[in-house]
Amino acid sequence: MDVLPAYRLPWRCWHEMAGHRRHMVEIYGGGMGAIRGVSRPQPLPVLAVLAWCDAQDLDGDERDFVVLMVKAMDRVFLDLRGRQIRAELDQIFRK
């Protein structure tokens, strides 16, 4: 993907922080019907993003911009993944 130069730092940070993301496991189903376990991603830890910014020697304005952009990208990702999970569950448990 070709990212505009102004957004390369936040984009790189968001991708490099993927390994720091926690997941919550949820199990759906019951009785004699279908059972499905889902690994639901959680927001990226802000402290991990701040540590990444420190490792890159970003100044205050750059740091604030990266943190805000990473949070925004993460909200979009979590919303998209939540929709995908709901669609999968609707497909599995449709009546």
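All of the numbers you see were taken from the coordinates with simple rules; none came from a lab. Nothing here was measured: the structure is a model prediction, and the numbers come from that model. Cβ placement follows ideal geometry from the backbone for every residue including glycine, while neighbour counts extend to all protein chains displayed.
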Tilt, helix 46-55 to longest principal axis of the chain (alpha-carbon atoms), in degrees rounded to tens, equals 30 degrees
Between the modelled labels at ASP64 and ARG40 (7 Å from Cα along Cα→Cβ) the distance in nm is 3.4 nm
Projecting the Cα atoms of GLY82, GLY37, CYS13 onto the charge dipole of the chain, where Lys and Arg contribute +1 and Asp and Glu -1 at Cβ, the residue farthest towards the positive end is GLY37
Placing each pseudo-label 7 Å from Cα in the direction of the beta carbon, LEU78 and GLN91 end up separated by a distance in nanometres of 2.5 nm
Cα pairs beyond 20 Å in the chain, in percent, come to 48 percent
Longest principal axis of the chain (C-alpha) makes with the long axis of helix 60-92 (C-alpha) an angle, in degrees to the nearest 10, of 10 degrees
Computed about the Cα centre, the charge dipole of the chain from +1 Lys/Arg and -1 Asp/Glu charges at the Cβ has a magnitude in debye, to the nearest 20, of 780 debye
